[in-house]
Amino acid sequence: MKKEKPEDKNKIRRRSVNSSNSRRSASDRKSESYSGQDIILPSERAKASSSTDNRRRSSSTQRKSSTNNSSKTRSVSASARSENNTKNERRTNTSKNLKKKRKTKKKRKIIAFIIAFFIVITAAGLGLVFASLKDVKPVNETLLDKMTHQTTTIKFANGETMSMAPTLYKKTPIPLSDISPYLRKAIVSIEDERFYSHSGVDYWGLGRSTIKTLAGSKQGGSTIPMQVSKMLLTSSDQTISRKIKDIYYALEMNKTVSKDKLLETYLNNYFVGKGLCGAEAGARGYFNKGAKDLTLAESAMLAGVTRNPSKYAPYSTARITGDESRKDLDHKLLFFMPSEGLDAANGTEKDMYEKLQEWDLVDNDTYKQLKAGDLVIRKAINNPEAKKRQETVLKKMKDLNVITEKQYVSAVNERIDIQFPDDKEEVANSVESLIEYDVIDALMEQGKTESEARNMYYNGGLIINSTIDPKIQKVIERQYSDASNFPNNTVTPNGLSQPQSASVIIDYKTGNIKGLIGGRNIKARKTLNRAITPFQPGSTIKPLSVYTPAIDTQKVTQSTLMSDVRGGYRFKENRADNPNTTTSGSGSMSLRRAVATSSNTIAYKTGELLGPTYDDSIDVMMDYLRNFGITTILDFKEENKAGMKSSDRHFNSLVLGGLTRGVSPLQMAAAFGTLANGGIYVEPQVFTTVTSYNGEIIVKNTPKTHKVVDPEVAYVMTDMLKAVVTEGIGKNAAISNMPVAGKTGSTNSYLDTWFVGYTPYYVGSVYIGDDAGIKKEDGTTVERRPIEGGAAMSSAKLWGSIMSDVHENLEYKDFNKPDKIYMTTINPMDGGRTSFGVSAAFIDGTAPDRYSYTGFLRKKKTTTKQQNPQTQDGTLNNNGNGGLNNNHGGVNVGPGATGTTPNPGGTTGTTPGAAGNTRYRNR
C-alpha cells in the first residue's frame with residue numbers, strides 16, 4: 001500500500017474546470033501568455049476590464065461551450081484571475097489602510113478626550129478656586145489681633161448687648177514671650193516641623209497627606225498658618241472650598257505676618273479641650289499656672305491635645321472613693337448638674353461632704369447644694385491616653401534634636417499634677433443658660449462635637465441674636481425680686497428662697513420667647529432652670545387633653561349640660577378611680593361653667609366621650625397633647641424603654657395632670673399659645689441667628705410649625721378660657737383694658753400651682769412651688785409646703801401682675817374671630833339660651849337650641865359660704881333638665897357629706913359625697 005506523505009495532506013487541492021484544460025500543451029500556454037493584453041491602450045483598458053467582468057459572470061455558461069471555444073475561454077479566465085489577484089491585493093492593502101486609519105482616528109479621539117477632560121477639570125478647578133476666593137479679604141497682623149480678642153456676645157431682640165460669654169472658659173491672649181519655649185517647640189515639632197522654612201504651605205506634607213488620605217488613612221497636612229486660617233478666618237467645615245481658602249490665606253499671611261506672630265496667634269487660639277482655648281487658658285485650666293511656667297512635660301501634653309481634644313485632654317473624671325486625702329482632692333473637684341447625665345451621689349460620696357467642707361474644699365453654698373442633691377461631684381484623674389500622646393510628642397522633639405535624650409527621659413518620668421484654678425463662674429440668669437444650651441445644641445446638630453461646639457460658643461467671637469425683649473425681661477425680674485409675690489417666703493438649708501418659681505412669656509405668632517426666668521435669687525451658674533424643668537401641671541392640662549378634643553370632634557359645645565355629681569362614669573377604670581370634685585359636686589352645669597370652675601368630674605365625663613373605650617379615649621388625649629408640643633407624655637412603649645413602672649395611660653394623669661414626668665412652663669406656654677394662634681403650634685425659640693464676627697450666618701433658627709385644630713375650634717376654646725378669668729376662679733389674672741384667656745392648675749394639697757394664659761399679644765405661664773428633695777443639715781428631707789391661697793391666689797395673681805406691666809402701653813385689641821363662628825347669649829350656669837347672660841362662641845351649626853329660665857341669674861345672688869379660695873365656686877344645683885333646684889344654696893358638699901343630688905341620668909337619687917383622699921385636687 002502506498003504511504004501518504006504528511007506534507008501531501010497540507011497541499012491545497014484545486015478542482016479543475018475541465019479535464020481538457022488540465023492537459024493543455026506548452027504551445028497553447030505560450031500562445032495564451034502572449035494574447036495582447038499588455039498592449040491594450042489605457043483608453044480601452046476600461047472596456048477590457050468591463051468585458052472581463054462580464055465574462056466572469058458568465059463563466060459557468062462558457063464551461064458548457066464547445067471545445068472550439070475552450071482556448072479562448074482559458075485565455076480570458078487566466079487574465080481574469082490575474083486581475084482578480086491584483087484587486088485582492090488592492091482590497092487587502094485598502095483594508096490595512098482602513099484599519100490603520102481607524103486606529104489612528106481612535107488614538108486621536110482618545111487623545112482629544114484626554115485633552116478635553118483635562119481642560120474641563122482645569123476649568124472646573126479654576127472655577128472652584130475663583131469661587132472659593134471671591135470673598136477673601138486682606139490679612140495682616142491687625143486682623144489677626146482683632147480676631148484673637150473676639151468674644152461671644154449675646155444680644156437682646158432690639159440689638160442691645162445682654163451679656164458676654166462666660167469668663168471661666170474665655171481665652172486669654174498673651175505675647176509669645178510669655179509662652180514657655182518648650183510649648184512653642186513642642187507645637188512646631190508635632191504640628192509643622194518645617195514651619196520656619198516653608199512659605200505658608202508645606203507642599204511635601206500636603207502631598208503626603210493627600211496620598212495617605214486616598215489610601216484610606218487620615219493624615220493631617222495643614223501647616224500652622226493654614227490652621228490659623230481655619231481657626232480665625234474660615235471655618236471647620238470639611239470642604240475643598242475651605243481648604244482652598246486656607247491655602248490662600250496661609251500664603252498671604254506668610255507675606256504680611258512674621259513667623260513668630262503666626263505662632264503666637266496659633267498658641268492663643270488653639271483648642272486644648274474641656275472648653276479651654278489658648279495656651280494661657282489651658283495652662284491655668286489644667287495646671288493652675290501661667291503658660292510661661294509650663295514644664296517640658298506639661299508643654300508636650302498641651303501640644304498633644306491638638307490631635308483629638310476630647311481623647312487627649314490631660315484629665316478624665318472619676319467618682320470619689322472615700323480613701324482620698326485632702327491633697328488628692330485639692331483643686332481637683334468638679335461639679336455637675338444632675339441633669340447632665342451623671343449618676344446621683346452614692347453613700348461614699350455623701351459621707352465625704354462633711355470632710356470636703358472641713359477641709360475647706362467647698363464653700364457653704366456648694367455644700368448645701370451637694371446635700372440637697374442639686375449638684376453632683378466628681379474628681380479629676382490623669383488621663384492615660386493623654387500620657388501616651390505626650391510621649392509621642394516628646395519622641396518627635398527628640399528625633400528632631402529639639403531636646404536631648406536626657407531631657408526626653410526626664411520629661412517622660414515627670415509626674416503630671418492636675419490643678420484647677422480658683423476662678424469662680426459668674427452667675428448667669430436663666431435666659432443666658434437657656435441660650436447657651438440651645439446654641440451649643442444647634443452647633444452640634446451641624447456636626448460639631450460637644451467640645452467643639454462649646455469652644456465655639458465660649459471663644460468663637462459669635463454674635464447671638466436672642467428673642468428676648470429687654471423691657472419684658474426687666475418686668476419679670478422686678479416682680480421676682482418682690483418676695484411678697486410668693487406666699488410663705490423663706491430661705492431653706494440649701495440657701496435658696498422658697499417657694500421657687502418660673503415664668504415664660506412668648507410671642508405665640510412667631511414662637512419668640514420674649515422673657516423668661518427659671519428661679520428666684522439664683523446664686524450660681526450651674527443651677528436648676530425651672531422654666532424648662534417639668535412639673536405636674538394639674539388642671540392646666542384639661543383644655544389641652546380634654547376640652548379641645550371634645551370641641552374639635554363636636555362631641556360637646558360649651559353650652560352642653562353635664563352632671564357634676566361624683567360617680568356615674570362609663571368606664572370601669574374611672575369608676576374605680578372615682579376622683580373627688582373640685583366644685584360642689586351636686587347638680588349639673590354647662591361645659592363653660594365646668595371649665596371656669598375646674599370641675600374634675602365633668603372633665604372625666606367629657607374625656608369619656610372621646611372614644612368608645614377607655615384606651616381609645618386615652619389615645620385621643622395623648623395624640624392631642626403631643627400635637628400641642630408636650631413631649632414628656634409617657635406611654636407603655638416609652639415606659640418599657642425608660643425602665644419605669646408607671647405610665648400616663650390613665651385618666652388621672654391625662655385629665656387631672658398627674659403626669660409621671662410633668663410638663664415644663666415653657667412647653668405649657670407654647671401649648672396654650674397654639675389656641676391663641678388660631679390652632680397653629682409654633683415651636684418656641686430663644687435665639688434667631690448666630691453669626692460670626694463679620695456677620696456671616698452660622699445658624700439660622702427657623703421654628704417648626706404645624707396645625708393642631710381649626711381656627712374655629714381654637715376660638716371657642718379661647719372663649720371658654722376667657723370665662724375662667726371673667727366668671728370663674730382665675731379672676732386674679734385679669735388685667736385692665738385687655739382680654740385674658742387662661743387656666744389655673746394645682747396638684748394635691750396645692751404643692752404646685754399654675755396659671756397659663758394669653759392675651760391678643762402674648763402667652764405666659766407661671767409656676768410656683770417648693771423645690772422637692774431639699775435636705776436639712778442632718779440629711780433628712782424638708783417636706784414641701786402647700787402654696788397658700790392655691791393657684792387662684794398665687795400663680796394667677798403673679799401672672800396678672802407681670803402681664804399688667806407688660807401690656808401697660810399696648811393698644812387694646814380683641815382676639816380675632818373666624819368667619820364660621822356664631823355668637824349667641826347663654827346662661828353660663830346651664831348653657832341654655834337666654835335674653836341676658838354672657839355672649840358665647842359656637843361653631844356654625846352647633847349653637848344651642850335649648851332655652852334657660854331667665855330668673856336663674858337673679859337666683860345666683862343667693863348667699864354663698866366661702867370656705868377657702870380654692871373651693872369657692874358658687875355652683876347651684878339643677879335637676880338636669882335646665883331648671884333650677886337650689887338645694888344647697890351654693891354651699892360646697894364636703895368630704896363625707898350626703899345630699900339629695902341628681903344622678904347622671906337626670907333622675908334624683910341619694911349620692912354619697914366625697915370620701916377618702918384625693919389623688920390630685922386640681923384647680
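Taking only alpha carbon atoms, the stretch 464-526 gives an Rg to Rh ratio of 1.04, where Rh is the Kirkwood radius.
Charge tally for A841 (other residues, Cβ to Cβ under 11 Å; Lys, Arg +1; Asp, Glu -1): +1. Annotation: amide H of F535 within the under-5 Å range of V663, S664, sequence separation 5 or more or interchain, hydrogens built in the peptide plane.
Highest average first, the peptides 456-463, 252-259, 552-559 ordered by how many other beta carbon atoms sit within 10 Å of their residues are 456-463, 552-559, 252-259. Pairs from the list K137/K311; K311/K474; K259/K396 with a Cα-Cα gap above 32 Å: K137/K311; K311/K474.
With θ taken as phi - 60° and the Karplus curve 6.51 cos²θ - 1.76 cosθ + 1.60 applied, the whole-hertz 3J(HN,Hα) list for the stretch 710-716 is 5, x, 5, 5, 4, 5, 4 Hz, x standing for glycine and proline. Phi-derived couplings, Karplus 6.51 cos²θ - 1.76 cosθ + 1.60 at θ = phi - 60°, listed residue by residue for the stretch 656-672: 9, x, x, 5, 4, 9, x, 9, 7, x, 5, 5, 5, 5, 5, 5, 5 Hz, with x used for Gly and Pro. Scoring 563-572, 540-549, 140-149, 106-115 by mean Cβ neighbours within 10 Å over their residues and listing the highest first yields 540-549, 563-572, 140-149, 106-115. Amide hydrogen proximity for V565: with H placed 1.01 Å from N in the peptide plane, the residues at 5 or more positions away or on another chain lying under 5 Å are G587. Determine the shape class of the stretch 331-386: with a ≥ b ≥ c the square roots of the Cα gyration tensor eigenvalues, call it rounded for a/c under 1.5, and otherwise prolate if a/b is greater than b/c, oblate otherwise. Verdict is oblate for the stretch 331-386. With the convex hull of its Cα atoms as the shape, the stretch 737-854 has an orientation-averaged projected area of 11.1 nm². The charge dipole of the stretch 315-382, taken about the Cα centre with unit charges on the Cβ atoms of Lys, Arg (+1) and Asp, Glu (-1), comes to about 120 debye, rounded to the nearest 20. Sort the stretch 574-622 into rounded, prolate or oblate with this rule: let a ≥ b ≥ c be the square roots of the eigenvalues of the Cα gyration tensor; rounded if a/c is under 1.5, and if a/c is not under 1.5, prolate when a/b is larger than b/c, oblate otherwise. Prolate. Each peptide in 471-477, 672-678 was scored by the mean count of other Cβ atoms within 10 Å over its residues; highest first, the order is 672-678, 471-477. Rounded to whole numbers, the Karplus 3J(HN,Hα) couplings from phi for the stretch 684-697 are x, 9, 10, 9, 9, 9, 10, 10, 6, 4, 9, x, 6, 6 Hz, using 6.51 cos²θ - 1.76 cosθ + 1.60 with θ = phi - 60°, and x at Gly and Pro.
Rounded, prolate or oblate: which fits the stretch 652-804, taking a ≥ b ≥ c as square roots of the Cα gyration tensor eigenvalues, rounded meaning a/c under 1.5, else prolate when a/b beats b/c? It is oblate, given that a/c is not under 1.5 and a/b is not larger than b/c. Taking amide H positions as modeled 1.01 Å from N, with prolines and chain starts lacking one, the residues under 5 Å from K775 and 5 or more places away or on another chain are A372, V782.
Using C-alpha pairs below 8 Å separated by at least 6 residues, the relative contact order for the stretch 315-382 is 57 percent.
Please work out how many pairs of lysine residues in the stretch 689-834 are eight or more positions apart (or on different chains) and have Cα atoms closer than 21 angstrom. Here the count comes out as 14.
All of the numbers you see were taken from the coordinates with simple rules; none came from a lab. Not measured: the values here are computed from a predicted model. So basically every Cβ, Gly included, is an ideal-geometry build from the backbone, and we count neighbours across all protein chains shown.
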